[in-house]
Amino acid sequence: TSYPYRSNGELPILYTLGLIFGRIQKKHTSKVLKTSAAFLLLGMLSFVLYEASYKDKKIEGVHVFDQKFTSIEEIILQPELKDKTVYIDLWYSSCSPCIEQMKNHLPAFKTAMKNAAIPMEYVYLGRETSHPNSKQRWWNVIETYDLKGWHYYFEKPDSELLWKSILPHLEKKGKRANGYPHYLIAKNGKIIEYDAPYPEQLCQIKDIIKLKK
């Protein structure tokens, strides 16, 4: 599945222009309403056209799961991943620590794993945010940091279910969730580490992969 390359700015821009124009022309209410309505209609039309056009756009190496998931276990059992070693990244678009890892540490981590001849698949589980264009912001991060791998966008209710499936495993080891980003490691269709090290902790990740089956 493909998603748009750039943020859809037309709708909020046109909407804002309509509001500004309305404030300036307070004395001409009917004219203002008509103008604002025209701006909104144009914005909605541009949004529909934009949504229709992005479906044919693709970024090489980036794959998005379309089907509905409520757990990580369902994802790692997909045919593309079930027999692989998988590094799983839980993140959201406005999470500064998430972006810091993607920008400054993940590229070196991927290169090091490749050089060490450790085959690895990467799964990014993006969480919905409160932003009105949350899904577009999610995609913009994927493009900006060239996040090749497998992606899934969790809406808020599903992300809560996701954490509920993780917490019991952390509690068994006396660990607590530290928020985002959060990493897991799966191997051959089974999660072997529910609280994996960050990409910058390369040696620790290698040890986990080698020790656990």
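List the aspartates and glutamates whose Cα lies under 13 Å from the Cα of Lys173, skipping any in the same chain that are fewer than 8 positions away.
By straight Cα distance, Lys173 reaches Glu193, Asp195.
Which residues' amide hydrogens lie under 5 Å from the amide hydrogen of His182, considering only partners 5 or more residues apart or on another chain, with H built in the peptide plane?
Those lying under 5 Å, H to H, from His182 are Leu90.
Between the range 106-158 and the range 178-213, what's the alpha-carbon centroid distance in Å?
16
Tell me, what HN-Hα J-couplings in whole Hz come from the Karplus equation 6.51 cos²θ - 1.76 cosθ + 1.60 at θ = phi - 60° for each residue of the range 176-183, using x for Gly and Pro?
10, 5, 9, x, 9, x, 9, 10
Quick check: net charge around Phe154, other residues with Cβ under 15 Å of its Cβ, Lys/Arg +1 and Asp/Glu -1?
Surrounding charge for Phe154 is -2.
For Val64, which sequence-distant residues (separation of 5 or more, or a different chain) have an amide H within less than 5 Å of its own amide H, given hydrogens modelled in the peptide plane?
It is His151, by chain and number.
Every number in this text was worked out from the coordinates using simple rules, so none of it is lab data. Computed from a predicted model, the values in this text were never measured in an experiment. Ideal geometry is used to build each Cβ from the backbone, glycine not excepted, and the neighbour counts take in all protein chains shown.
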